[in-house]
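One structure is given below, encoded as structure tokens.
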Amino acid sequence: MRTQVAIIGAGPSGLLLGQLLHKAGIANVIIERQSPDYVLGRIRAGILEQTTVDMLHEAGMGERVQAEGVVHHSIELVFSGVRHAIDVHGLTGGKVVTAYGQTEVTRDLMDARNAAGLTTVYEASQVAVHDFDSNSPRVTYQKDGQTHTLDCDFIAGCDGFHGVCRASVPEGAVTEYEKVYPFGWLGVLADVPPVSPHSIVYGNSERGFSLCSMRSLTRSRYYVQCPMDDKVEAWSDQRFWDELRSRLDPALAERIVTGPTLEKSIAPLRSFVAEPMRFGRMFLAGDAAHIVPPTGAKGLNLAASDVKYLSGALIEFYAEKSAAGIDTYSQRALARIWKAERFSWWLTSLMHKFPDTGAFGQRMQEAELEYLVNSTAASTVLAENYVGLPLDWGH
């Protein structure tokens, strides 16, 4: 089998890249080691930057996010038992974020790919990338007991942090930067109305961090900071709801609607970047190249901006026979990635209780938060990073 672009990974980044390339008339095949149900079963992020929503429209996928996504004009910070609103919309000249689950984004992209009759190979095993340092890269995989070869012009590694693409780069050709945080997030999903339907609530307390988010007006996503070695089994629903309430201001705690949890899990937090993101005719995008702590809601949005740069570079290559875009892809993508990494690291450092925070550290966090909510300049810095920096910012 032959195609122009072989895409490894059928998560949002791989599917979005495939859709944008298809609309530009560029043939692509997606290879995915998991089943469609498994891909859709991943419970992930749900806050989309305006640039990501615009890309979904560009890909012809904007109808459902427009109809069902919930626009957020502000975020709220709780500290010292008091809640403060940051007018994100007003501080950024009208920009917003939209609550729309990653599962829904994935489903929309899968449906569009199926409707277009494009090839996606699910449940492929032993996936391997070859000769990406030449002009004739190829991908091999096993399916139904047979070995298959996919010849291509380019390989897009959209296969996640543990994927085969970055792991196949020669030793010494990639530099990895990583910070592992000394705590996790216990997250629950519940079919209850969100406590703040048009805002995300971040909590800083002496008991630790909390987050009140949502997937829709009837489904909520809540988190509390917990020790890394905590066990999900130790957290009954009642214990979770009690702990969440204890980390919020009294009025908000009173408003929380509780119910049985649909999903409960503990996620570690890390910051990670791999440089560069191009190796000959193979490119990395999304979690294959970078991870951010979820505090800033940047993971899916960074993957989308990678795809924007990469799709544009490949479209330019085929339409204009120019390699300028692919030659600068890594540099452009990493410029935005590091700014999002900085923002996610800063917000994580500001809102969480670290092992060495102590009483002094807690008061320092509270002093910085006081400054943040009372300074228009500081609030604007938070707001413009939260809605997402422009794709061409700093280039």
- Task: Before rounding to the nearest 500, sum -39500 (n - 2.57) across all DSSP H runs of length at least 4 in the chain and divide by the residue total; then give [θ] at 222 nm in deg cm²/dmol.
- Result: -12000 deg cm²/dmol
- Note on the structure: Going residue by residue through segment 261-270, the Karplus relation 6.51 cos²θ - 1.76 cosθ + 1.60 with θ = phi - 60° gives ³J(HN,Hα) values, rounded to whole Hz and with x marking Gly or Pro, of 8, 7, 8, 9, 7, 10, 10, x, 10, 8
- Hey, could you pull the Cα Rg and Dmax for segment 220-311, both in Å? 18.2, 56
- Message: Given Cβ point charges of +1 (Lys, Arg) and -1 (Asp, Glu) and nothing else, what value in debye, to the nearest 20, does the dipole of segment 115-270 about its Cα centre take?
- Response: 580 debye
- Message: Given bins 5 angstrom wide, list per bin the percent of all Cα-Cα distances in segment 154-203, short to long.
- Response: 4, 11, 13, 16, 10, 11, 13, 11, 8, 3
- Item | Distant-in-sequence amide H partners of Ile7 (H built 1.01 Å from N, under 5 Å) | Val29, Ile30, Ile31, Ala156
- Task: Find the eigenvalues of the gyration tensor of the Cα atoms of segment 67-207, then list the square roots of 5 times those eigenvalues as equivalent ellipsoid semi-axes, largest first, in whole angstrom.
- Result: 41, 22, 16
- Message: I'd like the Kirkwood hydrodynamic radius of segment 28-67, using the inverse of the mean 1/r over distinct C-alpha pairs, in Å.
- Response: 12.3 Å
- Task: Using only Cα atoms, find the angle between the long axis of helix 376-387 and the longest principal axis of the chain, and express it within 0 to 90 degrees, rounded to the nearest 10.
- Result: 40 degrees
- Note on the structure: P(r) of segment 311-371 over all Cα-Cα pairs, 10 Å bins starting at 0, rounded to whole percent, reads 20, 27, 17, 15, 15, 6, 0
- Query: Farthest toward the dipole's positive end in segment 6-149, which of His72, Gly117, Val139, given Cβ charges of +1 (Lys, Arg) and -1 (Asp, Glu) about the Cα centre?
  - Reply: Val139
- Residue exposure sequence - Leu347, Leu20 - by fewest surrounding Cβ within 10 Å: Leu347, Leu20
- Query: Using a simple spin-label model with points 7 Å from Cα along the Cα→Cβ vector, what separation in nm is obtained for Asn135 and Lys321?
  - Reply: 1.3 nm
- Query: Of the residues Glu104, Glu233, Glu243, which exhibits the maximal mean-square fluctuation in a Gaussian network model of the chain defined by a 10 Å Cα contact cut-off?
  - Reply: Glu233
- Candidates Val192, Val257, Val53: whichever shows maximal mean-square fluctuation once the chain is modelled as a Gaussian network with Cα springs under 10 Å: Val257
- Task: Step through the residues of segment 11-27 one at a time and calculate ³J(HN,Hα) from phi using the Karplus curve (6.51 cos²θ - 1.76 cosθ + 1.60, θ = phi - 60°), rounding each to whole Hz and writing x for Gly and Pro.
- Result: x, x, 5, x, 5, 5, 4, x, 5, 5, 5, 4, 5, 8, x, 9, 5
- Task: Would you mind computing Rg(Cα) / (2.2 N^0.38 Å) for segment 113-158, counting N as its residues?
- Result: 1.25
- Query: Seen from all sides and averaged, what is the projected area of the convex hull of the Cα atoms in the chain, in nm²?
  - Reply: 19.7 nm²
- Rounded if a/c is under 1.5, else prolate if a/b is larger than b/c, else oblate: which is segment 73-152, with a ≥ b ≥ c the root eigenvalues of its Cα gyration tensor? prolate
- Work out the length of the dipole vector of the chain about its Cα centre, built from +1 on the beta-carbon of each Lys and Arg and -1 on the beta-carbon of each Asp and Glu, and round it to the nearest 20 debye. 120 debye
- Query: Taking springs between alpha-carbon atoms closer than 10 angstrom, which of Lys264, Lys23, Lys298 fluctuates most in the Gaussian network model of the chain?
  - Reply: Lys23
- Note on the structure: Quick note on Ser136, Ser220, Ser246, ordering by fewest other C-beta atoms within 10 Å, gives Ser136, Ser246, Ser220
- Message: For segment 122-184, what does the convex hull of the Cα positions come to per residue, in cubic angstrom?
- Response: 127 Å³
- Here, Ser236 and Ala367, labelled 7 Å along Cα→Cβ, have an inter-label distance in nm of 4.2 nm
- First obtain the Kirkwood hydrodynamic radius of segment 129-235 from its Cα pairs, then insert it into the Stokes-Einstein equation at 20 °C and 1.002 mPa s, and state the resulting D in µm² per second as a whole number. 116 µm²/s
- Query: Sorted from fewest to most neighbouring beta carbons within 10 Å, what does the list Asp144, Asp159 look like?
  - Reply: Asp144, Asp159
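Each value in this text was obtained by applying a stated rule to the coordinates, not by laboratory testing. If you're wondering where the values come from, they're calculated on a predicted model, not measured in any experiment. Note: ideal-geometry Cβ built from the backbone for every residue, glycine included; neighbour counts use all protein chains shown.
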